[in-house]
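> This is the structure I want to talk about, given as structure tokens.
The values are calculated or read from the model by the stated rules, or taken from the named source; none is laboratory data. Treat the numbers as computed from the prediction; the structure is a model and nothing was measured. Cβ atoms come from the backbone with ideal geometry, glycine included; neighbour counts cover every protein chain shown.
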Amino acid sequence: MSLLEEYLPDWFFTYLSPIILLLGGLMAIIIVVFYLKDKESTKYKLFVALGAVLGVLIVVLAVTEGFHAQSYTLLLIALAAFTLIIRPIREVHIAVVVGILVMALVYLALANLNGVEVAGVDLSFLASGWPRIIVAFIAGAIVYGLLNFAEAIVKVFGTILNCWPILFILGVLCIAEAFCQYMGYGSIFDYINNIPWSNYIPSS
């Protein structure tokens, strides 16, 4: 039994996927509404922050509890979490911060090479002076380059998903998926596939 199961009722875990989908969908639509009204308003920024918190919560629940659902449902949950988390930090250059941090850590770590030999090579020259600075700078630059590339890819997808029409559609899909799961249809695809189309479409 997990820690959450001690404090939350059984129905919460039974309907965990539709609950998360419903909350994520509603949050996405609320963000769109306040964005269109006034994207500089305090309410909009508040809901963006709450959306990021909800996105992190979804990730935590995915790790600790798991979502027992079909692949399409899991994809919607993942997209909702990613979109809500990335929205407030799209303009934050994380690669620069991490690169500088790595450079500082490597610079500090190189001090421990004083008197160290590897395969007969004395590495003490890396523990001070310009070699120490250059190695630390190169390490930071490599990490920055890799993270900057990854950051660019993430921001492209984040920008596309956070375009308000797409965000609104994602919110509607999440709510519809939550409704289908709660009603026992499985997913939107299952519901659509079970519709007797032959009764509505006349045969030629």
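> In the same structural domain as residue 70 (by TED's automatic domain parsing), out of contact with any His (no Cβ under 6 Å at 6 or more places or on another chain), of a type in the set (Ser, Thr, Tyr) and part of a helix (DSSP H, G or I), is that true of residue 107?
no
> Exactly one condition in (1) touching a helix residue (DSSP H, G or I) at 6+ places or on another chain (Cβ under 8 Å); (2) outside the structural domain of residue 182 (by TED's automatic domain parsing); (3) surrounded by 13 or more Cβ atoms within 10 Å (Cβ to Cβ); (4) hydrophobic (A, V, I, L, M, F, W, C) is not met by residue 54; state its number.
(2)
> Further question on the same structure: Kindly check whether there is at least one residue in the stretch 116-125 that is at pLDDT below 80 and either assigned to a helix (DSSP H, G or I) or assigned by TED's automatic domain parsing to the domain that holds residue 24 (or both).
Taking every residue of the stretch 116-125 in turn, at least one turns out to be at pLDDT below 80 and either assigned to a helix (DSSP H, G or I) or assigned by TED's automatic domain parsing to the domain that holds residue 24 (or both).
> Considering only residues that are of a type in the set (Asp, Glu) and modelled with pLDDT of 85 or more, which ones fall in the stretch 39-74?
Once the filter is applied, which keeps residues that are of a type in the set (Asp, Glu) and modelled with pLDDT of 85 or more, the stretch 39-74 yields only 40.
> Which residue out of 95, 80, 136 is surrounded by 14 or more Cβ atoms within 10 Å (Cβ to Cβ), within 30 Å of residue 159 (Cα to Cα) and modelled with pLDDT of 85 or more? Explain how you work it out, then say what you get.
Values: 95 fails: modelled with pLDDT of 85 or more; 136 fails: within 30 Å of residue 159 (Cα to Cα).
Just one listed residue meets the conditions, 80.
> Looking at the stretch 23-38, is at least one residue at pLDDT below 90 and of a type in the set (Gly, Ala, Ser)?
no
> Given the conditions (1) over 23 Å from residue 148 (Cβ atoms); (2) of a type outside the set (Ser, Thr, Tyr); (3) modelled with pLDDT of 80 or more, which single one is not true for residue 86?
Just one mismatch for residue 86, condition (1).
> What number of residues in the stretch 164-185 are without any contact (Cβ under 8 Å) to a residue 60 or more places away in the chain and either under 21 Å from residue 86 (Cβ atoms) or in contact with a Lys or Arg (Cβ under 8 Å, 6 or more places away or on another chain) (or both)?
Total satisfying the criteria: 3.
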